[in-house]
1. In this structure, does Tyr70 turn out to be modelled with pLDDT of 95 or more, buried (at least 20 other Cβ atoms within 10 Å of the Cβ) and touching a Lys or Arg at 6+ places or on another chain (Cβ under 8 Å)?
2. Which residues, counting only those in region 150-165, are of a type outside the set (D, E, K, R), touching a residue at least 24 places away in the same chain (Cβ under 8 Å) and either open to solvent by 30 Å² or more (accessible area, probe 1.4 Å) or in contact with a helix residue (DSSP H, G or I) (Cβ under 9 Å, 6 or more places away or on another chain) (or both)?
3. Are there any pairs, at least 6 apart or on different chains, whose C-beta atoms fall under 6 Å, with the first in region 169-193 and farther than 25 Å from Asp91 by Cβ and open to solvent by 40 Å² or more (accessible area, probe 1.4 Å) and the second part of a strand (DSSP E or B) and modelled with pLDDT of 95 or more, and if so, which?
4. Take the residues of region 152-200 that are of a type in the set (A, V, I, L, M, F, W, C) and part of a loop (DSSP other than H, G, I, E, B): which is modelled with the lowest pLDDT?
5. So is Met59 open to solvent by less than 20 Å² (accessible area, probe 1.4 Å) and over 17 Å from the mean Cα position of the chain (by Cα) or not?
6. Those residues that are closer than 14 Å to Val102 by Cβ and either in contact with a helix residue (DSSP H, G or I) (Cβ under 6 Å, 6 or more places away or on another chain) or open to solvent by 50 Å² or more (accessible area, probe 1.4 Å) (or both), I need them from region 6-30; list them, please.
7. Does region 75-91 include one or more residues that are within 19 Å of the chain's Cα centre (by Cα), buried (at least 16 other Cβ atoms within 10 Å of the Cβ) and of a type in the set (Ser, Thr, Tyr)?
8. Given the condition farther than 20 Å from Gly76 by Cα, in a strand (DSSP E or B) and free of Cβ contacts under 8 Å to residues at least 60 places away in the same chain, answer yes or no: does some residue in region 127-145 qualify?
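The values are calculated or read from the model by the stated rules, or taken from the named source; none is laboratory data. Here the structure is a predicted model, which means the values were calculated and not measured. With ideal geometry, Cβ positions are generated from the backbone for all residues, glycine too; neighbour counts draw on all protein chains shown. These accessible areas exclude ligands, DNA and RNA; they are computed on the full protein's heavy atoms, side chains included. Shrake-Rupley method; radii C 1.70, N 1.55, O 1.52, S 1.80 Å.
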Amino acid sequence: MLFSIITVCFNSEKTIEKTIERMLQQTIQDFEYIIVDGGSADGTLAIIKKYESLFEGRMRWISEPDKGIYDAMNKGIKMAQGELIGIVNSDDYYEKDTLEKVKAAYGGYNFTIIYGLLRTLYHGKEKMVYLKSPKFIEEDMIAHPACFITRKLYEKYGLYSLKYSYSADYEFMLRIRNEKDIQYIQVPEVLSNFSIDGASSSVKGYRDTLKLKKEYGLIDAKWYKKEMLKSWIAMKMKR
């Protein structure tokens, strides 16, 4: 099996149907689909069950409390059996030919990260399409929703840290940034569509990233304090 695609969700009845449908619409079907639900109390599980049979045995799902989004991702990664792992959250969705494009780029090397363009959506409308290079990872995170990472890489370098509630994907990329055996492959096309209403685009997410950069020595204490103060003011103004 080439792909394991993971969707983490919690009370996602308003958005998860499109995420699931887009997986069924993929132009290649060489994948397993893993849904990790955090114990939803709305109609999320009913939607998952409605689509389960359409995957003809290729969907697996669990529903139980977790310690946050990255804990749920880690559960999915541990369940994964495919060579390449992609994570598409329950308010996001892939392009119909995303897996086909990634398959064409993948050379079979054990420690590979394939990344592409991310389209950001605000209230369902395109706001921006962007591509960030891992060569500048110390400045900014590449688009994690448009990344596919080999299972062997996770097995060698570990999973997502639960220390960071909003930016553990960035911590993972910083942790492995100097490893010489990792191959990065760019796909210069849109691979995923991402709602910017999510947690990572919030002030809390920015503060979490500041904490991460300070601990990795990427910003000094003075800059950290200044930016934290600005973010605290921004949070106050939103109330």
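1. Numbers: modelled with pLDDT of 95 or more: yes; buried (at least 20 other Cβ atoms within 10 Å of the Cβ): yes; touching a Lys or Arg at 6+ places or on another chain (Cβ under 8 Å): no.
Spelling it out, it is not the case that Tyr70 is modelled with pLDDT of 95 or more, buried (at least 20 other Cβ atoms within 10 Å of the Cβ) and touching a Lys or Arg at 6+ places or on another chain (Cβ under 8 Å).
2. Tyr154, Leu159, Tyr160, Ser161, Leu162, Tyr164, Ser165
3. Final answer for the pair search is Gln183/Thr112; Tyr184/Ile113.
4. To start, the set of residues in region 152-200 that are of a type in the set (A, V, I, L, M, F, W, C) comprises 153, 159, 162, 168, 172-174, 176, 182, 185, 187, 190-191, 194, 196, 199.
This time we only want the ones that are part of a loop (DSSP other than H, G, I, E, B), so: 159, 162, 176, 182, 196.
Values: Leu159: 98, Leu162: 97, Ile176: 98, Ile182: 98, Ile196: 83.
Among residues in region 152-200 that are of a type in the set (A, V, I, L, M, F, W, C) and part of a loop (DSSP other than H, G, I, E, B), the one modelled with the lowest pLDDT is Ile196.
5. yes
6. Listed by number, the residues that qualify are Gln26, Thr27, Ile28, Gln29, Asp30.
7. The answer is yes; a qualifying residue exists.
8. Yes, region 127-145 has at least one match.
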